[in-house]
Amino acid sequence: MASFDYLAAELEALKEQGRYRNLTVWDSGSSTWMELNGRKVLQMSSNNYLGLAGHPNLKKAAIDAIEQYGVGSGSVRTITGTLAIHDQLERELALFKGTEAVLAFQSGFTTNSGVLSSILNEGDVVISDELNHASIIDGIRLTKADRRIYAHKDMAQLEAILKESSHYTKRVVVTDGVFSMDGDIAPLPAIVELAEAYDAIVYVDDAHASGVLGKHGKGSTDHFNLHGRVHIQVGTLSKAIGVVGGYVACSQLLKDFLIHKARPFLFSTSQTPAVAAACLEAVHMLKSSDELIEKLWSHANYFRKALQDAGFDTGASETPIIPIIVGDPATTMRFSDRLLQEGIFAQGIVFPTVALDKGRVRLIVTASHTDEDLAFALERIIKVGREFGLI
């Protein structure tokens, strides 16, 4: 009889390398201070950048949608799963992003999988930054297109690849807007200029830029004033927006094509009405005020500088994603565990998510952290950093 006993050896190897982890089960909802095993800990690893996950406006919108539409959509979008609230969300997102159209998916991951696998064919080439998110990598793997990888943010190498790839039917340059492990921003103006010079398509995944960069959090295209020059913009609704889901902002032509070709869209039930309504309310809040975004950046800049002044290596961070580079995977996870003992949840990130010698504790500062929260975190992080000889 077949079994999965062979997996035990792989799990044991992860434990020996210090890379094994148990799922953390929280006793409270996403917030700044959360309850874990009967104690309150300061959350410093959440993507809830603006604190909207528990905002009363979003909760009310979700409850109202349940009363009107029920708890589920009933089907995939192409059958009975497109409700008025889904259509309204897409229209509002298109206006927000300044594009002809938006198509919503169940997650950011399925957005990348669906779009990349639909637009790339045999005879095409996709050109990808080496540090792009796993969802981009997996989306590319689903295609028959050739792949070229350029060193992180290396525009000379990108241009060299574009020069030697003119024989392909279609060339698509793919980059994250903000890189999730290092917190640095893609050199989008240079990428766009090169793409225009060599007649390539620009595809930007703004998962960590949506609600963070640009006016009202419109993303990296707005941040660099590149409207009309980026062909495909992917965003998530699960980070700064505070709910769950993903979307592609694009031309109406591409939206119509994806409705007929994108397999995650075609074969997975649509977002629940409550999710769509909460996302729509978050977009309305972003359009009405920059207060939360300004607070987010004020906190992030202060916190990053304080860590750097203390002597920590924060890598290339220039956003609210602020890693503390530790190095060795086992040491990284022990550092993370020690911080939890001090009342701070800061998740260790190790190989294969990052390079073997680039383990880090990834800190994310949010708009909902208070000055007192940040002072508490700095005091404890500096204390533990000295214990580990990091500073």
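The residues of the chain have, on average, 44 Å² of accessible surface per residue, using a 1.4 Å probe with all protein chains present. Residue-normalised convex hull volume from the C-alpha trace of segment 108-244: 91 Å³ per residue.
When only DSSP loop residues count, what trypsin sites (Lys or Arg not before Pro) in segment 64-146 have their Cβ near at most 16 other Cβ atoms within 10 Å? Walk me through the intermediate numbers first.
Values: sites: 77, 91, 97, 141, 144; in loops: 77, 144.
Those that pass, being in a loop and sparsely packed, are 144.
Within segment 7-109, report the chymotrypsin sites (Phe, Trp or Tyr not before Pro) that DSSP leaves as loop and that have at most 16 other Cβ atoms within 10 Å. Here the sparse-neighbourhood loop sites are 20, 26. Taking the 1.4 Å solvent-accessible surface of segment 1-112 as the whole, the part contributed by carbon and sulfur is 55%.
How far apart, in nanometres, would the label points at residue 134 and residue 309 be if each is projected 7 angstrom from Cα along the Cα-to-Cβ direction? My value for the distance between the label points is 3.7 nm.
Computed over the Cα atoms of segment 168-227, pair by distinct pair, the Kirkwood hydrodynamic radius stands at 11.8 angstrom. Under a 10 Å cutoff between Cα atoms, tell me which one of 329, 352, 189 has the largest fluctuation in the Gaussian network model of the chain. With Cα springs under 10 Å in the chain, the top fluctuation among 329, 352, 189 is at 352. Model label sites at residue 164 and residue 355, defined 7 Å from Cα along the beta-carbon direction, differ in position by 2.2 nm.
The number of Lys pairs in segment 229-310 with C-alpha atoms less than 30 Å apart, excluding pairs fewer than 8 positions apart on the same chain, is 9. Comparing mean-square fluctuations of 146, 124, 309 from a GNM of the chain with C-alpha springs under 10 Å, the top value falls on 309. Using alpha carbon centroids, what distance separates segment 107-129 and segment 222-281, in Å? Comparing the Cα centres of segment 107-129 and segment 222-281, I get a distance of 14 Å. Across segment 328-374, the mean sequence separation of Cα contacts (distance under 8 Å, 6 or more residues apart), normalised by length, yields a relative contact order of 36 percent.
Work out how much length residue 256 to residue 35 would gain on full extension: take 0.36 nm times their residue separation and subtract the Cα-Cα distance, in nm to one decimal.
Values: separation 221, 0.36 × 221 = 79.56 nm, distance 4.48 nm.
Extra length from residue 256 to residue 35 when fully extended: 75.1 nm.
What Kirkwood Rh does segment 232-391 have if only Cα atoms enter the pairwise 1/r average? Answer in Å.
Every distinct Cα pair counted, the radius reaches 18.3 Å.
Restricting the calculation to Cα atoms, the chain yields a radius of gyration followed by a Dmax of 21.4, 61 Å.
Ignoring aspartates and glutamates fewer than eight residues from residue 15 along the same chain, the ones with Cα atoms less than 15 angstrom from its Cα are 328, 337. Which percent of Cα pairs goes in each bin when the distances of segment 1-83 are cut into 10 angstrom slices starting at zero? Binned Cα distances yield the sequence 13, 22, 24, 24, 17, 0.
Between residue 5 and residue 146, residue separation times 0.36 nm minus the direct Cα-Cα distance comes to 47.1 nm. Cross-link partners for residue 40 among the lysines, with Cα-Cα distance under 22 Å and sequence neighbours closer than 8 places in the same chain left out: 383. Take the Cα radius of gyration of segment 1-44 and divide it by 2.2 N^0.38 Å, N being the number of residues; the result is 1.76. Under a Gaussian network description of the chain, with springs only between Cα atoms under 10 Å, the residue in 174, 71, 192 that fluctuates furthest is 71. For residue 170, list the aspartates and glutamates whose Cα falls under 14 Å from its own Cα; do not include residues on the same chain fewer than 8 positions away. Straight-line reach from residue 170, under 14 Å: 122, 124, 146, 196, 199. PRE reach from residue 24 (point 7 Å along Cα→Cβ): which of segment 312-326 fall under 15 Å by backbone N? Correct set: 322-324. Using just its DSSP H runs of length 4 or more, each adding -39500 (n - 2.57), the chain gives a mean residue ellipticity at 222 nm of -12500 deg cm²/dmol after division by all residues.
For residue 334 and residue 197, a Förster radius of 45 Å and the Cβ-Cβ distance give a FRET efficiency of 0.40, rounded to the nearest 0.05. Pairs of Cα atoms in segment 126-173 fall into 10 Å distance bins, from 0 up to the last occupied one, in shares of 26, 56, 18 percent.
The values are calculated or read from the model by the stated rules, or taken from the named source; none is laboratory data. From a predicted model like this one, the values you see are computed outputs, not experimental measurements. Because the Cβ atoms are built from the backbone with ideal geometry, glycine has one as well, and the counts that use them run over all protein chains shown. Quick note on the areas: whole protein, heavy atoms, side chains included, nothing else; ligands and nucleic acids left out. Shrake-Rupley method; radii C 1.70, N 1.55, O 1.52, S 1.80 Å.
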